[in-house]
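Colleague: After the C-alpha cells below, expect a handful of questions from me.
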Amino acid sequence: KVVRRLLAADETFRTRFRREVLSARRVSWRGVVYLLAADTESDRPYLAMAYVEGPTLLDEVTTSGPLRGDRLRALAVALAEAVGTIHRAGVTHRDLKPGNVLLTQDQPVVVDFGVATATEATSTTARQGGWRPSR
C-alpha cells in the first residue's frame with residue numbers, strides 16, 4: 001500500500017496511517033497477515049504486508065454458498081484465535097468482515113488493519129461500521 005501524494009500531505013490521514021502501521025507491527029501470529037516493511041514518514045508513506053494466497057471469505061461464500069459443518073467450525077475457532085491474539089497485542093481490529101479474511105490452504109488469515117486502534121488510544125477513526133450477519 002503506497003499512499004497517494006494528496007493524502008500524504010494530509011496530517012489527519014498520516015496519523016491514521018501511522019496507527020495502522022503501529023497496529024500491524026504489534027500483532028505477530030500465523031492467522032494474521034505479517035507486516036514486512038513500512039515507512040510512515042517519507043514523502044510517499046507505504047506499508048508492505050506478506051502475500052497471502054487464497055480467496056477472501058466473502059468471495060468463497062459468494063461463489064460456493066455458506067460454509068457448513070466442520071469447515072464452519074474450523075473457521076470460527078481460527079477467527080476466535082486470531083481476534084484473541086490481536087486483542088492480547090493491545091489492538092482492536094474494528095473491521096473484521098468477510099472481505100478482510102483470506103482463506104489459505106492451512107487456515108484463515110486476518111488482514112487490513114486500516115481502522116484498527118491500539119486499545120490505549122483515546123481517539124477514533126473517521127470510518128465506522130463493520131460486517132454484521134444477515135438474518
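The values are calculated or read from the model by the stated rules, or taken from the named source; none is laboratory data. A quick note: this is a predicted structure, and the numbers were derived from the prediction, not measured. Ideal geometry is used to build each Cβ from the backbone, glycine not excepted, and the neighbour counts take in all protein chains shown. SASA here: full protein model, heavy atoms, side chains in, ligands and nucleic acids out. Shrake-Rupley method; radii C 1.70, N 1.55, O 1.52, S 1.80 Å.
Colleague: Answer with yes or no whether Leu102 is modelled with pLDDT of 95 or more, in a strand (DSSP E or B) and closer than 28 Å to Arg19 by Cα.
Modeller: The answer is yes for Leu102.
Colleague: Further question: List every residue pair whose Cβ atoms lie under 9 Å apart, where the two residues are 6 or more positions apart in sequence or sit on different chains, the first residue falls within the range 71-100 and is open to solvent by 30 Å² or more (accessible area, probe 1.4 Å), and the second residue, located anywhere, is of a type in the set (Val, Ile, Thr) and assigned to a helix (DSSP H, G or I).
Modeller: Thr92/Ile86; Leu96/Val83; Leu96/Ile86
Colleague: Report whether or not Asp59 is surrounded by fewer than 16 Cβ atoms within 10 Å (Cβ to Cβ) and at pLDDT 95 or above.
Modeller: Working: surrounded by fewer than 16 Cβ atoms within 10 Å (Cβ to Cβ): yes; at pLDDT 95 or above: yes.
In short, yes.
Colleague: Would you confirm, using the coordinates I've provided, whether Ala48 is in a helix (DSSP H, G or I) and surrounded by fewer than 16 Cβ atoms within 10 Å (Cβ to Cβ)?
Modeller: Taking the combined requirement at face value, the residue does not satisfy it.
Colleague: Taking the stated definitions as given, is Phe13 open to solvent by less than 70 Å² (accessible area, probe 1.4 Å), part of a helix (DSSP H, G or I), within 19 Å of Asp95 (Cα to Cα) and in contact with a strand residue (DSSP E or B) (Cβ under 9 Å, 6 or more places away or on another chain)?
Modeller: Taking the combined requirement at face value, the residue does not satisfy it.
Colleague: So Gly114 ticks every box in (1) touching a helix residue (DSSP H, G or I) at 6+ places or on another chain (Cβ under 6 Å); (2) modelled with pLDDT of 70 or more but one. Which box is left unticked?
Modeller: Condition not satisfied by Gly114: (2).
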